[in-house]
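Since the structure comes first, as structure tokens, the remarks are kept for the end.
The values are calculated or read from the model by the stated rules, or taken from the named source; none is laboratory data. The shown structure was predicted, so the numbers you read here are calculated from the model rather than taken from an experiment. Note: ideal-geometry Cβ built from the backbone for every residue, glycine included; neighbour counts use all protein chains shown.
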Amino acid sequence: MTVRVVLLMGVSGSGKTTVGSLLAQSLGWTYADADSFHSVENVAKMAADQPLSDQERAPWLQAIRAWIDDRVLKGEHAVVGCSALKRAYRDVLRRPEVSFVYLRGTRAEIATRLAARAGHFFKPSMLDSQFDVLEEPTADEDVLTVSIDKMPDEIVAAIIKARL
């Protein structure tokens, strides 16, 4: 069986962690949250309401890429939640084993979620910077787009039906 890695992408608050954890649990696969790959400096910068530059994101993306490569090398199926907001970021993470799923929501939906979220370094005030950077996937990228207006288990079922 070919190794599969599902990469859930979208702005902060789109449900990558919730859906990703549930998807991995449903499949019996490993789950990783890309937030855990950020440097202490990057987390501190974001916690201070400062968006990261492409240069600051580069080592983070390379760490996620290395994690994906390690899963593939070990023959382990996996799910990873990673914003992957720009096509260039997705291109760093792209390989034949990776299926991208875009968790798409409106600013209003996501702002509501962020306002209710506690204990995360990403502040709701930075949401606009995420949407400003976001390059929605194009048809040539073969990214499954799923609306976040459904319950997490319905989103997981849609992903499994469409991609696995």
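Key figures
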| read-out | value |
| --- | --- |
| Only listed residue being modelled with pLDDT of 95 or more and either touching an Asp or Glu at 6+ places or on another chain (Cβ under 6 Å) or of a type in the set (Lys, Arg) (or both), chosen from 101, 79, 72 | 72 |
| Residue within the stretch 145-163 that is assigned to a helix (DSSP H, G or I) and modelled with pLDDT under 80 present | yes |
| Lone unmet requirement of (1) within 17 Å of the chain's Cα centre (by Cα); (2) modelled with pLDDT of 95 or more; (3) more than 15 Å from residue 81 (Cα to Cα) for residue 46 | (2) |
| Residue ranges of strands (runs of 3 or more DSSP E) in the stretch 11-117 with at least 3 members not β-branched (Val, Ile, Thr) | 30-33, 98-104 |
| Count of residues meeting criterion [in contact with a strand residue (DSSP E or B) (Cβ under 8 Å, 6 or more places away or on another chain) and without any contact (Cβ under 8 Å) to a residue 12 or more places away in the chain] in the stretch 95-114 | 0 |
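Here's the yes/no breakdown for (1) surrounded by fewer than 18 Cβ atoms within 10 Å (Cβ to Cβ); (2) without any contact (Cβ under 8 Å) to a residue 40 or more places away in the chain; (3) under 21 Å from residue 72 (Cα atoms):
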residue	(1), (2), (3)
3	yes, no, yes
8	no, no, yes
12	no, no, no
20	no, no, yes
27	no, no, yes
30	yes, no, yes
34	no, no, yes
41	yes, yes, no
